[in-house]
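Inspection log for the structure reproduced underneath, given as structure tokens.
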Amino acid sequence: MDKSLRNWVSGVLLVAPVFLTSCSLNLSLPQLNESDKAEFVMQAMTTGQQAYYEANGQFANSIQGLSLNANLDTGEYRYSINTEGQYAQTVVMTAAAKQEGLPSYAGVVTVNKTEGGVMALANICKTDQPSTEPPALSSTPTPGEGLKCPAGSSPVQ
């Protein structure tokens, strides 16, 4: 993504938690290529899940639960959200490419208990090569390293 677009995305992601905890957020995506749109949606869902957890003590188990009012029914990607644990303490989100030639994405947000309380860890990975399968992320942090991308994928910055 170019610098102006990255700044726009960063601005939206900074205010998203405010909107997501009190009302729905309507996203109007700027003109982006399909891969950048998927990356933007994954970042918005990750930030939204962190805000949802702060407000509700668990993660949303659906895109609708995040009140993310964006048209995510595209011909290019299939989005999903799956929570793990009895009290939805971990959420895995994916953007699986429906077409050849596009990368796929996976993101995880999990709660890690520390001496100082609770800390949310998040990671988004993108396949290094075009793939219709998202990276298989582990929701278990590696001590001292946090959440890592599996072989064949790279972190989304």
Would you please name the residue that is surrounded by the fewest Cβ atoms within 10 Å (Cβ to Cβ), looking only at residues in region 70-95 that are touching a Leu at 6+ places or on another chain (Cβ under 9 Å) and assigned to a loop (DSSP other than H, G, I, E, B)?
N71
Can you find, within region 115-132, the residue that is modelled with the highest pLDDT among those that are among the small types (G, A, S) and part of a strand (DSSP E or B)?
A122
With respect to N112, determine if the residue is among the polar types (S, T, N, Q), more than 15 Å from the chain's Cα centre (by Cα) and either over 22 Å from Q157 (Cβ atoms) or assigned to a strand (DSSP E or B) (or both).
yes
Test A96 against the criterion of being closer than 19 Å to F40 by Cβ, of a type in the set (A, V, I, L, M, F, W, C) and touching a Phe, Trp or Tyr at 6+ places or on another chain (Cβ under 7 Å), and give yes or no.
yes
Just checking, does region 18-25 include any residue being of a type outside the set (D, E, K, R), at pLDDT 85 or above and under 16 Å from the mean Cα position of the chain (by Cα)?
no
Would it be correct to say that E54 is among the acidic types (D, E) and under 20 Å from Q43 (Cβ atoms)?
yes
Could you check how many residues of region 120-156 are loosely packed, with under 12 Cβ neighbours inside 10 Å and touching a Lys or Arg at 6+ places or on another chain (Cβ under 9 Å)?
2
Which of the residues spanning region 48-69 are touching a residue at least 24 places away in the same chain (Cβ under 8 Å) and part of a helix (DSSP H, G or I)?
G48, Q49, Q50, A51, Y52, Y53, E54, A55, L66
Which residues, counting only those in region 49-71, are more than 13 Å from the chain's Cα centre (by Cα), modelled with pLDDT of 85 or more and more than 16 Å from Y87 (Cβ to Cβ)?
none
In region 44-69, the residues that are small (G, A, S), farther than 18 Å from V118 by Cα and surrounded by 19 or more Cβ atoms within 10 Å (Cβ to Cβ)
A44
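Could you list, in sequence order, the residues of region 133-157 that are assigned to a strand (DSSP E or B), polar (S, T, N, Q) and under 27 Å from G57 (Cβ atoms)?
Scanning region 133-157 gives a single hit, T142.
The values are calculated or read from the model by the stated rules, or taken from the named source; none is laboratory data. Given the structure is predicted, the values throughout are model-derived calculations rather than measurements. Cβ coordinates were reconstructed from backbone atoms using ideal geometry, including for glycine residues, and neighbour counts include every protein chain displayed.
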